[in-house]
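Student: One structure, pasted below without further comment.
The values are calculated or read from the model by the stated rules, or taken from the named source; none is laboratory data. Keep in mind the model is a prediction, meaning the values are calculated, not measured. Note: ideal-geometry Cβ built from the backbone for every residue, glycine included; neighbour counts use all protein chains shown. Note: areas computed on protein heavy atoms with side chains; ligands, DNA, RNA excluded. Shrake-Rupley method; radii C 1.70, N 1.55, O 1.52, S 1.80 Å.
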Amino acid sequence: MSQYRTFTAADAVEYAQRFGGLSDASSLVTAEEIGDGNLNLVFKIFDRDGISRVVVKQALPWVRCVGESWPLTLERARLEAETLTEHYRHCPQHTVKVLHYDAELAVMVMEDLSSYRIWRGELVQGRDYPQATRQLGEYLAQTLFHTSDFYLHPHEKKARVIRFTNPEMCEITEDLFFTDPYEDHPRNDYPAQLEAEVAKLRSDERLRNEVAALKHRFFSHAEAHLHGDIHSGSVFVADGRLKAIDAEFGYFGPVGFDVGTALGNLLLNYCALPGLLATREAADGREQRLQDIRTLWLTFAERFQALAAEKSRDRTLAWPDYTATWLKKVFADSIGYCGSELIRRTVGMAHVADLETIQDEAMRIECIRHAISLGKTLIVAAPHIDNIDTLIARIRQNG
């Protein structure tokens, strides 16, 4: 911490010149700060021709949108850098490449993704990337399998669980996902017109019991090395390409959390589309989101099962029927965490552009109401939904 200082644009350029890996480092001359999240500074570094060549990211010692009253550990920068490096090792085609990391300054230098677009923004605009959900399913299968007990020696797995313990960032997830939305908490942020719906969340005993179980599994099931925040704003897409970024919430947790968070963000867009697009386009887009959900789950499950059949190192876990049995549990977890994502993004403090950019206020409120209702339905029904077709049918029934 003694060496830490908050970077300026000039600092970012100098740092990229030293650690960006370019043969002509002096060609890097300017920086633009583009961070739009809550936790970090992010600089794009441009050459003399105005072309962005690398990205410099620095963790701040507090939550950016709140200030110094909400301090955060800089250790999260190490956890992010090492999570991305580990995921890149197993799935380089779908993980951003970390070129350099400095623990003292909490700084990373990463490959530039200017030829990509943030997936959430593309979904909001109604632009479809047909390969994206299949590629994201591949990313999840590769990273979660290779960091799980199916692949790692028990000694190595246990050592990694310790190394990637991430208590401060996990506490944020634990509070924002599983606690705040179900209490009268000052961090919550939702339209006053939905007070009755939100109040029902707090008093629904069956819902609260399922949320408690989801939180308990998040606490205790160190199944694989998660990205920890794999939403559509943490994924970049281009024609035929996809890259995951922003892994500061990385830790060893339940596999269904990563899968469910990804599914949940597709459903947030599903709920928002009637307020974002014309009627016919919105209907087509919603059908596409349902197919995306199917593709994401089936790709993940099929690829994980294939990897387990080919590469499982534990003789007991390699028993042919066990992986399929275990994936049924992961599926139920995924649906529950998917529902939790819908509620925390509507009732809690961290909202999404899919809903926030709807211009018509009445329509926006209806879309938020739908997301809350769907989230509640999925959390409660998760233990009883045993396949992807039943899940899609439940979503359709909800409206």
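Student: Of all residues in the stretch 27-36, count the ones that are modelled with pLDDT under 95 and farther than 19 Å from D246 by Cβ.
Tutor: So the answer is 0.
Student: Which residues, counting only those in the stretch 17-50, are open to solvent by 40 Å² or more (accessible area, probe 1.4 Å), in contact (Cβ under 8 Å) with a residue 60 or more places away in the chain and more than 23 Å from I172 (Cα to Cα)?
Tutor: F19, G21, K44
Student: Let me ask you something else. If you go through the stretch 373-390 one residue at a time, how many are open to solvent by 10 Å² or more (accessible area, probe 1.4 Å) and either in contact with a Cys (Cβ under 7 Å, 6 or more places away or on another chain) or assigned to a helix (DSSP H, G or I) (or both)?
Tutor: Total satisfying the criteria: 9.
Student: Where residues in the stretch 184-201 are among the acidic types (D, E) and without any contact (Cβ under 8 Å) to a residue 40 or more places away in the chain, which of them is most open to solvent (accessible area, probe 1.4 Å)?
Tutor: D184
Student: Residue under question is E281, and the condition is that it be in contact (Cβ under 8 Å) with a residue 24 or more places away in the chain, among the acidic types (D, E) and either surrounded by fewer than 24 Cβ atoms within 10 Å (Cβ to Cβ) or in a helix (DSSP H, G or I) (or both); does it hold?
Tutor: yes
Student: Let me ask something else. Using the structure shown, decide if D204 is farther than 20 Å from F257 by Cβ and either among the hydrophobic types (A, V, I, L, M, F, W, C) or surrounded by 14 or more Cβ atoms within 10 Å (Cβ to Cβ) (or both).
Tutor: It is true that D204 is farther than 20 Å from F257 by Cβ and either among the hydrophobic types (A, V, I, L, M, F, W, C) or surrounded by 14 or more Cβ atoms within 10 Å (Cβ to Cβ) (or both).
Student: Restricting to the stretch 51-67, give me the number of residues that are modelled with pLDDT of 80 or more and open to solvent by less than 70 Å² (accessible area, probe 1.4 Å).
Tutor: 9
Student: Something else about it: Being open to solvent by less than 40 Å² (accessible area, probe 1.4 Å) and closer than 30 Å to Q58 by Cβ: is that true of G228 here?
Tutor: yes
Student: Name every residue in the stretch 1-18 that is within 14 Å of A106 (Cβ to Cβ) and either of a type outside the set (S, T, Y) or modelled with pLDDT of 95 or more (or both), in order of residue number.
Tutor: Passing the criteria: M1, Q3, R5, F7, D11, A12, Y15.
Student: Under 8 Å between Cβ atoms, at least 6 apart or on separate chains: pull out the pairs that start in the stretch 215-240 with a residue that is more than 23 Å from P181 (Cα to Cα) and of a type in the set (F, W, Y) and end on any residue that is part of a loop (DSSP other than H, G, I, E, B) and open to solvent by less than 10 Å² (accessible area, probe 1.4 Å).
Tutor: F236/V96
Student: Considering each of E287, E310 in turn, give the residue that is among the acidic types (D, E), part of a helix (DSSP H, G or I) and closer than 30 Å to D360 by Cα.
Tutor: When all the criteria are applied, what remains is E287.
Student: Need pairs with beta-carbon distance below 6 Å; first residue without any contact (Cβ under 8 Å) to a residue 60 or more places away in the chain and within the stretch 251-269, second open to solvent by 10 Å² or more (accessible area, probe 1.4 Å); sequence gap 6+ or separate chains.
Tutor: Nothing qualifies.
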